[in-house]
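Each remark here refers to the structure printed beneath this line.
The values are calculated or read from the model by the stated rules, or taken from the named source; none is laboratory data. Quick caveat: nothing in here was measured; it's all calculated off a predicted structure. Note that each Cβ is placed from the backbone with ideal geometry, even for glycine, and that neighbours are counted across all protein chains shown.
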Amino acid sequence: MNRVVVIDYGMGNLHSVGKALEHVDKNISLSITSDAQQIQDADRLIFPGVGAMRDCMAEIKRLKIDKLLKEARLEKPILGICVGMQAMLDFSEENNGVDCIGLFPGRVERFSEGQKDENNELLKVPHMGWNEVKQTFEHPMWHNIVDKSRFYFVHSYYVTPDTCKENSATIVGESTYHKAFCSALADDNIFAVQFHPEKSQSCGLQLLKNFLSWDGQV
Amino acid sequence: MSLAKRIIPCLDCENGRVVKGVKFLDIRDAGDPVEVAKRYCDQGADEITFLDITASSDDRETTVHTVEAIASQVFIPLTVGGGIRTLEDIRIMLNAGADKVAINTSAVLNPEFVKQAADKFGSQCIVVAIDAKQVSGEGEPLQWEIFTHGGRKPTGLDAIEWAKRMVAYGAGEILLTSMDRDGTKNGFDLALNRAISETVSVPVIASGGVGNLQHLVEGITEGKVDAVLAASIFHFGEFSIPEAKKYMASKGIVVR
């Protein structure tokens, strides 16, 4: 039985991720929990997140999820989603600056407001809606997903991984909103996306399906 | 390429059925919300908006079950509005599977509620729905006022100022309905949409008045909005979502 844990640290609704996972594979054993034992016993982990980073990190630390993720990254596939992805970096600019888990070197920055696109139209923040993801690196998680497919995004902050340092992640997906930003990154066992696969219809469901069979290798 | 403009079919629901009135009268039955939502999702709708127009609050249970049923079959964003009055109402809807909630009358009655909601759940899931009506006369500078209770009750609030205030309070998106146009099929109030979309930093969804596909195009190109919402043209089979997207793309609009 494929034991999948969606890590619940009290931030927002995680049922949609769970429902989408069960939709792509009815035979998984799914738990939505913060329980350390269940996280340690799982075959694979989903690390979602919505809301403000300061509150997220406070709960992540209180529940020692940071420590559990640091252990888990050596052992099993992990999928980070949205704020879950952002929390994997060193630091976020949100809420006047928050130290994050630091699985990867890099920062989380805000889209600047008042920017205009090539047609001189105002770019709104949050970046909300369906945008293209260019697959900048061949990865098993992109299996059966056409390059430059559109996924659903809703976020005001984006990650800027430092790819020159040790332990740095690889940028595997890139999108453009005023400028290019990292919309997916990966490292051994970890795949993290800024968009919401659970809300991205068939492409998103395919990504979740890929995750359920991914062995964590590139 | 860039962010696609969104097409959002809207399900106005009463007692668990999709209905659509013309200026809130003459309500026609348009089907089971779960089936309708699933059909739109399969056709390529970018989001679904579910507005509960049930008059009494007794039937909230029905709404929660419907939202749960939609969310377990539809894997695109779902916004739920109608009767959202407390933080607990929001929590229930998010737990039922809504991605965003639309707050309308409660924001007017208690603007701080929007602030509390955004603080608690994050701006990304707080949509403020604004029902506006033109109040300026011919020859006067354009002005719109916020109305509640299905367009019957004036509030004295200027629509542009109100939109700015709601965004400052943490609204992550504005759902803007022209009460003059709603149900008329004469097209969006483009001046209203443009005035607000060019003023606020968050995405604006145009609503009220769509009668044909050119209206959707005008909402984007002239109303300058980020998304267009329509109900009856889709419900009664006049146009399909793929037809709408094809037409918009032919006019140079980026769609999914």
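Only one of B:Ala37, B:Ala45, B:Ala69, B:Ala98 is buried (at least 23 other Cβ atoms within 10 Å of the Cβ) and under 24 Å from A:Met11 (Cα atoms); which?
B:Ala98
Those residues that are assigned to a helix (DSSP H, G or I) and among the aliphatic types (A, V, I, L, M), I need them from the range B:65-85; list them, please.
Residues satisfying the conditions are B:Val67, B:Ala69, B:Ile70, B:Ala71.
I'm told B:Leu192 meets every condition in (1) modelled with pLDDT under 95; (2) out of contact with any Asp or Glu (no Cβ under 8 Å at 6 or more places or on another chain) except one. Can you identify the failing condition by its number?
Here B:Leu192 meets the rest and fails (1).
Quick check on the range B:82-132: of everything there that is out of contact with any Ser or Thr (no Cβ under 6 Å at 6 or more places or on another chain) and polar (S, T, N, Q), which residue is farthest from B:Val67 (Cα to Cα)?
B:Asn110
List pairs: first in the range B:102-123 and away from chain A (no Cβ under 12 Å) and part of a helix (DSSP H, G or I), second surrounded by fewer than 23 Cβ atoms within 10 Å (Cβ to Cβ) and among the basic types (Lys, Arg), Cβ under 6 Å, 6+ apart or cross-chain?
Once the first residue is away from chain A (no Cβ under 12 Å) and part of a helix (DSSP H, G or I) and sits in the range B:102-123, its partners that are surrounded by fewer than 23 Cβ atoms within 10 Å (Cβ to Cβ) and among the basic types (Lys, Arg) give B:Ser106/B:Arg85.
For the range B:243-256, enumerate the residues that are within 14 Å of chain A (Cβ to nearest Cβ), part of a helix (DSSP H, G or I) and either touching a residue at least 40 places away in the same chain (Cβ under 8 Å) or of a type outside the set (Gly, Ala, Ser) (or both).
Residues satisfying the conditions are B:Lys245, B:Met248.
Tell me, yes or no, whether the range B:195-207 has at least one residue that is away from chain A (no Cβ under 14 Å), buried (at least 20 other Cβ atoms within 10 Å of the Cβ), touching a Ser or Thr at 6+ places or on another chain (Cβ under 6 Å) and β-branched (Val, Ile, Thr).
Checked against the condition, which is being away from chain A (no Cβ under 14 Å), buried (at least 20 other Cβ atoms within 10 Å of the Cβ), touching a Ser or Thr at 6+ places or on another chain (Cβ under 6 Å) and β-branched (Val, Ile, Thr), the range B:195-207 yields no hits at all.
Is one or more of the residues making up the range A:183-192 in a strand (DSSP E or B), of a type in the set (Val, Ile, Thr), within 14 Å of chain B (Cβ to nearest Cβ) and in contact (Cβ under 8 Å) with a residue 60 or more places away in the chain?
no
Scan (1) crowded, with 19+ Cβ neighbours inside 10 Å; (2) not in a strand (DSSP E or B) for the single condition A:Gly102 breaks and write down its number.
Condition (1) is where A:Gly102 drops out.
Keeping to the range A:43-78, report how many residues are in a loop (DSSP other than H, G, I, E, B), touching a helix residue (DSSP H, G or I) at 6+ places or on another chain (Cβ under 8 Å), closer than 23 Å to A:His196 by Cα and at pLDDT 95 or above.
Number satisfying all stated conditions: 1.
Checking the condition more than 14 Å from chain B (Cβ to nearest Cβ), outside any strand (DSSP E or B) and closer than 18 Å to A:Gly80 by Cα, which residue from A:Asn144, A:Asn210 passes?
Going through A:Asn144, A:Asn210 in turn, the sole match is A:Asn210.
Please specify each residue of the range B:73-87 satisfying the condition of being within 14 Å of chain A (Cβ to nearest Cβ) and either more than 17 Å from B:Gln116 (Cβ to Cβ) or touching a residue at least 40 places away in the same chain (Cβ under 8 Å) (or both).
B:Gln73, B:Val74, B:Phe75, B:Ile76, B:Pro77, B:Leu78, B:Thr79, B:Val80
Residue check: is A:His155 at pLDDT below 95, within 19 Å of B:Phe75 (Cα to Cα) and crowded, with 23+ Cβ neighbours inside 10 Å?
When the stated conditions are applied, A:His155 passes them.
Does the range B:173-189 contain any residue that is more than 23 Å from B:Gly83 (Cα to Cα), of a type outside the set (Lys, Arg) and free of Cβ contacts under 8 Å to residues at least 40 places away in the same chain?
Yes - at least one qualifying residue is present in the range B:173-189.
Within the range B:136-183, track down each residue that is assigned to a strand (DSSP E or B) and of a type in the set (Lys, Arg).
B:Lys153, the sole residue that qualifies.
In the range B:46-63, what residues are assigned to a helix (DSSP H, G or I) and either modelled with pLDDT of 95 or more or farther than 22 Å from B:Glu173 by Cβ (or both)?
Matches in the range B:46-63: B:Ser57, B:Asp58, B:Asp59, B:Arg60, B:Glu61, B:Thr62.
Restricting to the range A:148-163, name every residue that is within 17 Å of A:Met128 (Cβ to Cβ) and either assigned to a strand (DSSP E or B) or among the β-branched types (Val, Ile, Thr) (or both).
A:Arg150, A:Phe151, A:Tyr152, A:Phe153, A:Val154, A:His155, A:Tyr157, A:Tyr158
What number goes with the only condition from (1) surrounded by fewer than 23 Cβ atoms within 10 Å (Cβ to Cβ); (2) at positive phi; (3) at pLDDT 95 or above that A:Asp25 does not pass?
It fails just one condition, (2).
From the list A:Ser202, A:Ser112, which one is surrounded by fewer than 20 Cβ atoms within 10 Å (Cβ to Cβ) and closer than 22 Å to B:Thr79 by Cα?
Answer to the selection: A:Ser202.
Confirm whether B:Glu140 is free of Cβ contacts under 8 Å to residues at least 40 places away in the same chain, touching a Pro at 6+ places or on another chain (Cβ under 9 Å) and away from chain A (no Cβ under 14 Å).
Considered against the rule, which asks whether it is free of Cβ contacts under 8 Å to residues at least 40 places away in the same chain, touching a Pro at 6+ places or on another chain (Cβ under 9 Å) and away from chain A (no Cβ under 14 Å), B:Glu140 comes out as no.
Within the range B:208-220, take every residue that is within 16 Å of B:Ile8 (Cβ to Cβ) and among the small types (Gly, Ala, Ser) and give me the one that is surrounded by the fewest Cβ atoms within 10 Å (Cβ to Cβ).
Result: B:Gly209.
Does the range A:128-140 hold any residues that are in a loop (DSSP other than H, G, I, E, B) and either within 14 Å of another protein chain (Cβ to nearest Cβ) or free of Cβ contacts under 8 Å to residues at least 60 places away in the same chain (or both), and which are they?
Scanning the range A:128-140 gives A:Thr136, A:Phe137, A:Glu138.
Tell me, please, whether a residue that is within 14 Å of chain B (Cβ to nearest Cβ), within 16 Å of the chain's Cα centre (by Cα) and part of a strand (DSSP E or B) can be found in the range A:112-127.
yes
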